[in-house]
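This report concerns only the one structure given below.
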Amino acid sequence: MTSTSLVATGLPGRPEPAGPPAHVARVWDRLTDGSDNYAQDRDLVDRLTAVAPWLRSSVLAHRRHTTRAVKFLATEGFAQYLDLGCGLPYEERSEEMLHPHDAARTVRDDVRTMYVDDFGPARVGADTILERESRTLAVQADARNIPELLARAREKNFFDLQRPIAALAHSLPEWMDDHDALDLLNDLHRYLPPGSALSLTHAGTGTEHEDAVLAQRSLYAAAGINFFPRSHGHVRALLGRWVVQTPGVVRTELWGTGYGPFAQRVPRKARDVTGSYAAIALSTAP
């Protein structure tokens, strides 16, 4: 799936026109050699990878994790997905790295997926890649406003709100302060139908990459972007109302142990480590 390029290259021999301030979605796009980014994003990526050379591999590992987590949820009976902070669509895909809707479709046919992002180009990109799919919906909205999102789904008769929904909050709460992050996870628990699921990933402190993660926080701050990596205990506390499933809150690169075909390979090189945590939780005990 190819997203529409947003790069203003100018005429040959002339410098690229100044673009908007760096944005996380475009930074992640640059980290995976996408084309939807500007000079400011590329400059920030250069600074980030100087302190965290493993960052590019980490982003790819997160996308592989999304594929595994969604396939696991689909085998558990989930057919409705709410992808919060979906970001720009990515061009590099493989059997191990699919967009959430495609990942769930490898397991079952009755899948519906709502992609949500407050970043306009992400919604436009999602529309571009989803236009052939009648069971997908791209929405530009604040991912923190869960009642509004569910109201939109109700208006369009998109989700069956009597059936569980699997919410994906992958690499999302770390861009929110404690108040907003806790409100988001509590509201998901409060407003989603009983038996719903939450798949979470979160940039972490307390790992061997802690110094690099904290250095990233400073670089993001200098670019006007708030970044809140959290400890294992802090991430677990955010999930307070959720019933965390086995294996609990674990390093993202280790999630899946014991899940058979969804098991992650234990990383053998430092560059394979993500510097983040992952968990799947249910709104009610099974």
So which residues in the range 71-110 are assigned to a helix (DSSP H, G or I) and under 18 Å from L198 (Cα atoms)? K71, F72, L73, A74, T75, P100, H101, A103, A104
If I ask for residues that are outside any helix (DSSP H, G or I) and closer than 24 Å to D211 by Cβ, which ones from the range 33-67 would you list? A52, P53, W54
Among (1) free of Cβ contacts under 8 Å to residues at least 40 places away in the same chain; (2) under 23 Å from L88 (Cβ atoms), where does A151 come up short? (2)
Name every residue in the range 67-86 that is among the β-branched types (V, I, T) and either touching an Asp or Glu at 6+ places or on another chain (Cβ under 8 Å) or surrounded by 21 or more Cβ atoms within 10 Å (Cβ to Cβ) (or both), in order of residue number. T67, V70
What pairs come out if I take residues in the range 190-219 that are at positive phi and pair them with residues that are buried (at least 19 other Cβ atoms within 10 Å of the Cβ) whose C-beta lies under 6 Å away, six or more apart or interchain? G195/P164
Over the range 87-119, the set of residues among the β-branched types (V, I, T) and either crowded, with 20+ Cβ neighbours inside 10 Å or within 16 Å of the chain's Cα centre (by Cα) (or both) is V111, T113, V116
All-but-one check, D43 against (1) out of contact with any helix residue (DSSP H, G or I) (no Cβ under 8 Å at 6 or more places or on another chain); (2) under 23 Å from V116 (Cβ atoms); (3) of a type in the set (D, E, K, R), failing number (2)
Sort out which residues of the range 64-78 are more than 14 Å from P164 (Cβ to Cβ), at pLDDT 90 or above and charged (D, E, K, R), and write them in order of number. R68, K71
Mind checking whether some residue in the range 79-99 is within 19 Å of P164 (Cβ to Cβ) and touching a helix residue (DSSP H, G or I) at 6+ places or on another chain (Cβ under 6 Å)? yes
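The values are calculated or read from the model by the stated rules, or taken from the named source; none is laboratory data. All of these numbers come straight from a predicted model, not from anything done at the bench. So basically every Cβ, Gly included, is an ideal-geometry build from the backbone, and we count neighbours across all protein chains shown.
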